[in-house]
Amino acid sequence: MTDDNDHGRQDGGQENSGHENVPSRQRRRFPGISSRAYEHPADRSALVALRKLTGFDTVFKALSGLLPERSLRLLFLSDSVRVSDAQFAHLNTMLRDACYILDLEKVPPMYVNMDPNPNAMCIGLDEPIIVVTTGLVELLDEEEMRAVVGHEVGHALSGHSVYRTILLFLTSLALKVAWIPLGNLAIMTIVTALREWFRKSELSADRAGLLVGQDLKASMRGLMKIAGGNHLHEMNVDAFLDQAKEYEAGGDLRDSVLKILNVLPRTHPFTTVRAAELKKWAETRDYQRIMDGHYPRRDEDKDTSVSDSFRQSASSYADDVRGSKDPLMKLVNDLAGGAGDLGGKLRGKFTGQNGAPPSEDK
């Protein structure tokens, strides 16, 4: 990574002959930025608590002999294309730039894997590896891809690759021991908890992608393409975000339960929800303060209070419940506020009928 001033660098559209149309513009960088600056409260509180546990890192590193990390590295080295100045040079430039902006000293190895499904991941116990599929590279334009690369570098900076590797291993193990009822149940309990954490970590990484790309429209376009393919002329950001509002507010309690069941097997939140969450964060004072150069620093991480982090997380969840239009969350908020007639409210929510029950004939 080259040395530039602390406030930004001239990042350009002349990266190679195939990408002349990307406009040159200044991008702010964030020296010494802590991942706490962009982590979702639920993600951050879980990670802070884990990092504070005595011997936690030692235990996970001890598992490295059991986990197929070395096998994964050899697999990608032998059967994928490693990004470098000689191969996928424009991706290599984006990767180095993302590490420069987020001040990640060691650039993770990055591979392009032949897979028509658009996807990217950051895995590894000792050192993170970034993998992007050909489907994703072919789907996204330069600025959209820049946000994705920043997303994966954000995973690396947050230390998410460790937990993602554990999740992949346990998911594979669950399939192998599915014939052992109790063994599979125990593993799937852990997998379900890890998936819930990972969905929150994706919201964090989306924010990191925005800090790297510094182009909200590009981030929105990328998420729309992941949902609907390379048909931007047929899509509209506002209409896409309206889907998220309709998804959150629609239906009754039966729909709320179905939403939970639909999301449980997933490692990623639904795409419309990700877009709405990212846009909401981009409009906050927290985001603007980061862009103005005011953000938590890595050298302050050791002084982070676990209790403060949990309080922030609890406050965030409470705000989400109060502001949510989901029928289940509204019911939780009503009950927390001391609302009466629980039976009537439950009947109304599940049947979709609102209002007071009919009066008896006299």
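Along the range 82-94 the Karplus relation, 6.51 cos²θ - 1.76 cosθ + 1.60 evaluated at θ = phi - 60°, assigns HN-Hα couplings of 7, 6, 7, 5, 8, 9, 6, 4, 5, 5, 5, 4, 5 Hz to successive residues, with x for each Gly and Pro. Other residues whose C-beta falls under 11 angstrom from the C-beta of H160 contribute a net charge of -2, scoring Lys and Arg +1 and Asp and Glu -1.
Just to verify a number: FRET efficiency for A227 and D79, C-beta to C-beta distance, R0 = 45 Å, to 0.05?
Working: r = 29 Å, r/R0 = 0.64.
Efficiency, from the Cβ-Cβ distance: 0.95.
How much accessible surface area, in Å² rounded to 10, belongs to the heavy atoms of H233 with a 1.4 Å probe? Only protein atoms counted, so the area is about 150 Å². For D126, the solvent-accessible surface with a 1.4 Å probe is about 90 Å², rounded to the nearest 10. Note on exposure: H294, H151 ranked by accessible area (1.4 Å probe, complete protein assembly) read H294, H151, with the most exposed listed first. In the calculated pair-distance distribution of the range 64-159, the portion above 15 angstrom amounts to 59 percent of the Cα-Cα pairs. Remark: for residue pairs K280/K302; K106/K279; K106/K225; K279/K302; K225/K280, the C-alpha separation exceeds 25 Å in K280/K302; K106/K279; K106/K225; K279/K302.
The values are calculated or read from the model by the stated rules, or taken from the named source; none is laboratory data. Model, not experiment: these values are computed from the prediction. Using ideal geometry, Cβ is built from the backbone for each residue, glycine included, and neighbour counts are taken over all protein chains shown. Calculation scope for accessible area: heavy atoms of the full protein, side chains included, ligands and nucleic acids excluded. Shrake-Rupley method; radii C 1.70, N 1.55, O 1.52, S 1.80 Å.
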